[in-house]
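Asks: Mind having a look at this structure? Questions to follow.
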Amino acid sequence: GAGVSQSPSNKVTEKGKDVELRCDPISGHTALYWYRQRLGQGLEFLIYFQGNSAPDKSGLPSDRFSAERTGESVSTLTIQRTQQEDSAVYLCASSYRETQYFGPGTRLLVL
Amino acid sequence: DAKTTQPTSMDCAEGRAANLPCNHSTISGNEYVYWYRQIHSQGPQYIIHGLKNNETNEMASLIITEDRKSSTLILPHATLRDTAVYYCIVRGTILGNTGKLIFGQGTTLQVKP
């Protein structure tokens, strides 16, 4: 079956611009996670959505980062006024019960 | 969540078993041991998880010690495509919790011909 998909696969932007990253979870998965992975580093948790519950935003690094999810479908991660330190791979994962399945990620480069 | 300790890197000969250790001495009774791997430039891939009993699936086996303070992931016949960073993660049930995965640095497994 179809896995988690993310778009775009690569994004190059200029410092100060806003970017939107998209995640399509596996159909029927109620939970959705965003993570960030800087070059050569492990994954950092950003935000978690579970059904209609309030999201857990505890991992968002600053107020320039926000995310939305409509019901149990698509999610978008928005980074406003991008900075060079935002350059990373942004990974999305979804789960139905306990196990998270990851997408291929969006590689963001801020010049 | 409990922290895990893994060796930074390991080598394995192609066709041989790869045994990747993980220490999680502060694990709680309701926490699972999860293994993921990340092949270069890809998203993490779920391998296996367990609570107390040993587990086996089409990818690997997971051996958890009786005191649950350590575990070993076994790839029975490693291939070159198994070269990746392997992450051992301890996580409680998502019931009432975020269930976020806390990734350490993992073990870089290099499978050599």
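Asks: Under 4.7 Å Cβ to Cβ, no partner at all: give me those cysteines from chain B, in residue order.
Replies: B:C12
Asks: Restrict the search to the range B:22-113; then list the trypsin sites (Lys or Arg not before Pro) that DSSP places in a loop and that have at most 12 other Cβ atoms within 10 Å of their Cβ.
Replies: Answer by residue number: B:K52.
Asks: Also: Please work out how much length the chain gains when fully extended from A:Q41 to A:S66, using 0.36 nm per residue of separation minus the C-alpha to C-alpha distance, in nm with one decimal.
Replies: 6.8 nm
Asks: Let me ask something additional. In the range B:5-70, which GluC sites (Glu not before Pro) are in a loop and have at most 15 other Cβ atoms within 10 Å, using DSSP for the loop call?
Replies: Loop-located and lightly packed - B:E14, B:E58, B:E66.
Asks: In whole percent, how big is the carbon plus sulfur part of the accessible area of chain B, probe 1.4 Å, protein atoms only?
Replies: Heavy-atom surface of chain B belonging to carbon and sulfur, 1.4 Å probe: 48 percent.
Asks: In a shell of Cβ-Cβ distance under 13 Å around A:R81, excluding A:R81 itself, what net charge do Lys and Arg (+1) and Asp and Glu (-1) give?
Replies: That sum, taken over residues with Cβ under 13 Å, equals -2.
Asks: With Cβ to Cβ distances under 14 Å as the rule, what net charge do the other residues near A:A31 carry (K, R +1; D, E -1)?
Replies: Around A:A31, the surrounding residues sum to +1.
Asks: If you don't mind, there's one more thing I want to ask. Among the lysines in the protein assembly as shown, how many pairs, 8 or more places apart or on different chains, have alpha carbons under 28 Å apart?
Replies: Lysine pairs, 8 or more places apart or on different chains, close enough: 12.
Asks: Report the relative contact order of chain B, percent, no decimals, based on alpha-carbon pairs under 8 angstrom and at least 6 residues apart.
Replies: 37
Asks: With every protein chain left in place and a probe of 1.4 Å, what is the accessible surface of B:T56, to the nearest 10 Å²?
Replies: In the full protein context, B:T56 sits at about 100 Å².
Asks: Rounded to the nearest 0.05, what FRET efficiency is calculated for B:L51 and B:S9 with R0 set to 41 Å and r the Cβ-Cβ distance?
Replies: That gives a FRET efficiency of 0.90.
Asks: In addition: Working with all protein chains in place, sort B:H40, A:H29 by solvent-accessible area computed with a 1.4 Å probe, largest first.
Replies: Highest to lowest solvent-accessible surface, that is B:H40, A:H29.
Asks: Counting other C-beta atoms within 10 Å, and keeping those with at most 16, which DSSP coil trypsin sites (Lys or Arg not before Pro) do you find in the range A:2-84?
Replies: Qualifying residues, ordered by number: A:K15, A:K17, A:R38, A:K57, A:R64, A:R81.
Asks: Let me ask something else. Under the definition of partner shielding as Cβ atoms of other protein chains within 10 Å of a residue Cβ, what is the mean value for peptide B:36-46?
Replies: 5
The values are calculated or read from the model by the stated rules, or taken from the named source; none is laboratory data. None of the values given here were measured: they were computed from a predicted structure. Here the Cβ is made from the backbone with ideal geometry for all residues, glycine too, and neighbour counts use every protein chain on show. These accessible areas exclude ligands, DNA and RNA; they are computed on the full protein's heavy atoms, side chains included. Shrake-Rupley method; radii C 1.70, N 1.55, O 1.52, S 1.80 Å.
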